[in-house]
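Right, I'll just put the structure down here and ask away after.
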């Protein structure tokens, strides 16, 4: 098959005007100008017309469990009030509510051009009931704040489940100790040990809010009080920042996706740079704005060499699952960052974070044919037009096939 488009945005070099992509099976085998590809390759030609063809988008952080909570929780001045509210809303939901919510989230994300998603779920036992329509990294979200350290998650059983399903074409796995205020040091250590042994990715929420910083640095504040009410043993608090706290029992390296990092000090950055390989950072612009967090330190993180990706977070703190909307929100907050750099955060950067730099995030020979197309007039740069796109994506291909049914 040959796909022709007004512009092919490969994410490697400059876009190719009147470009084409040749596909064999689920892989890209050739990329170039349309005339050159037609001369080199045979097969059916599909002309996408006046559109930009680009890699499918990769959402580096999402909670599809909470798709059904859209507009249920109004913004709060205090992050802890939102946590109280979401705990209350979750108590109203049944397992089938969550299955429906996850399925609805998949459909919405796919409609907005997402072809791969890193999804945290509180209910890994429900995954067997779900057939993802896009590529998925499942991260069981692990919490032991209400139990003895490490007791909430049966990690032995969970690991068996993870490894048993990890070889499906559209399904991979990781582990997600939720956050330092809800996951013990022992739970983090267990997750790291399993991830090293089984070659899994890890993700966690870290340094997200002022409440979290106050809890760890000062042993007081609304989050400290709320978690004390829930029975958290706060004897591990010793005046450190959240990053300093986690660094005492975790090696945060390239196998980690650190989500948020809104409340960080210079010494936190020094700690994060100690590892021989840097962790990846995931920023969620619209969720960040919803909570009115401290400014995200994109410039400093990027200058220090951190790989930065974008995610949508959940619909309990966002309007929809559009990565195009996340790119536009990022651009509003940081207009000096180029459209190309912003698009990289949902393509090549996110692929790198998932360990898929040779398979996803670019249009290049050998890569998977995960592709989307959006209207392109040529009135400005292709990157600017892509970031400005608003709406449902009109054309998509995922490995030239839909995922097999269970």
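What is the pair-distance distribution P(r) of segment 289-350, computed from all Cα-Cα distances in 5 Å bins starting at 0, with each bin given as a whole percent?
So the P(r) values, bin by bin, are 4, 16, 28, 28, 19, 5, 1.
Turning to a different aspect of this structure: Counting other C-beta atoms within 10 Å, which of 347, 248, 203 has the fewest, and how do the rest follow?
Values: 347 24, 248 12, 203 28.
The order, fewest Cβ neighbours first, is 248, 347, 203.
Another question, then. How big is segment 74-148 by the Kirkwood estimate over distinct Cα pairs, in Å? Don't jump to the answer; show the numbers that get you there.
On the way: mean 1/r = 0.0703 Å⁻¹.
Kirkwood hydrodynamic radius for segment 74-148: 14.2 Å.
Ok, one more. Select from 290, 188, 98 the residue whose mean-square fluctuation is largest in a Gaussian network model of the chain (Cα-Cα springs shorter than 10 Å).
Result: 290 has the largest fluctuation of those listed.
Also, quick follow-up: Using the C-alpha atoms of segment 58-353, what convex hull volume per residue, in cubic angstrom, is computed?
Values: hull volume 35.4 nm³, N = 296.
Cα convex hull per residue, to the nearest whole number: 120 Å³.
For the chain, give the share of DSSP beta bridges that are antiparallel, in percent and rounded to the nearest 5; count only bridges with both residues there. Walk me through the intermediate numbers first.
Numbers: 22 of 56 bridges.
Of those bridges, close to 40 percent are antiparallel.
Computed FRET efficiency, Cβ-Cβ of residue 303 and residue 251, R0 25 Å: what is it to the nearest 0.05?
Values: r = 23 Å, r/R0 = 0.92.
Here the calculated transfer efficiency is 0.65.
Percent relative contact order of segment 296-348, based on C-alpha pairs within less than 8 angstrom and at least six residues apart? Please list the in-between numbers first.
Values: 29 pairs, mean separation 17.2, N = 53.
Taking the mean separation of contacting Cα pairs over the length of segment 296-348, I get 32 percent.
How far apart, in nm, are the 7 Å Cα→Cβ label points at residue 72 and residue 225?
In this crude label model, residue 72 to residue 225 measures out at 2.6 nm.
Sticking with this one: Just check segment 278-406 against the gyration tensor rule for me: Cα atoms, a ≥ b ≥ c as the square roots of the eigenvalues, rounded for a/c under 1.5, and otherwise prolate or oblate depending on whether a/b exceeds b/c. The partial results should precede the final answer.
On the way: a/c = 1.43, a/b = 1.32, b/c = 1.08.
Verdict is rounded for segment 278-406.
Which of 27, 4 comes first, and how do the rest follow, when ranked by fewest Cβ neighbours within 10 Å? Write out the running numbers ahead of the final one.
Values: 27 15, 4 21.
Fewest-to-most Cβ neighbours within 10 Å comes out as 27, 4.
Which length gain, in nm to one decimal place, applies between residue 40 and residue 273 when the Cα-Cα distance is subtracted from 0.36 nm times their residue separation? Display every interim value, and only then the final one.
Numbers: separation 233, 0.36 × 233 = 83.88 nm, distance 4.65 nm.
That works out to 79.2 nm of additional length.
So if R0 is 35 Å, what FRET efficiency would residue 193 and residue 104 give, r being the distance between their Cβ atoms, rounded to the nearest 0.05?
Working: r = 35 Å, r/R0 = 1.01.
Efficiency for this residue pair is about 0.50.
Could you order peptides 128-140, 85-97, 326-338 by the average number of other Cβ atoms within 10 Å of their residues, highest first?
Numbers: 128-140: 20.5, 85-97: 12.4, 326-338: 16.9.
So the order, starting with the most tightly packed, is 128-140, 326-338, 85-97.
Per DSSP H run of at least 4 residues, take -39500 (n - 2.57); add these up for the chain, divide by its residues and hand me the 222 nm value, nearest 500 deg cm²/dmol. Spell out each step's value before the answer.
Numbers: 15 runs with 135 residues, N = 406.
Calculated from helices alone, the mean residue ellipticity at 222 nm is -9500 deg cm²/dmol.
Relative contact order for segment 58-353: what percent, with Cα pairs under 8 Å and sequence separation of 6 or more? Intermediate results must be reported in sequence, preceding the final value.
Numbers: 536 pairs, mean separation 63.8, N = 296.
That works out to 22 percent.
A further question on this structure: Would you list 296, 249, 367 from fewest to most Cβ contacts within 10 Å?
Values: 296 22, 249 15, 367 26.
Fewest-to-most Cβ neighbours within 10 Å comes out as 249, 296, 367.
No lab work stands behind these numbers, since they all come straight from the coordinates. A quick note: this is a predicted structure, and the numbers were derived from the prediction, not measured. Glycine also receives a Cβ, built like all others from the backbone with ideal geometry; neighbour counts cover every protein chain displayed.
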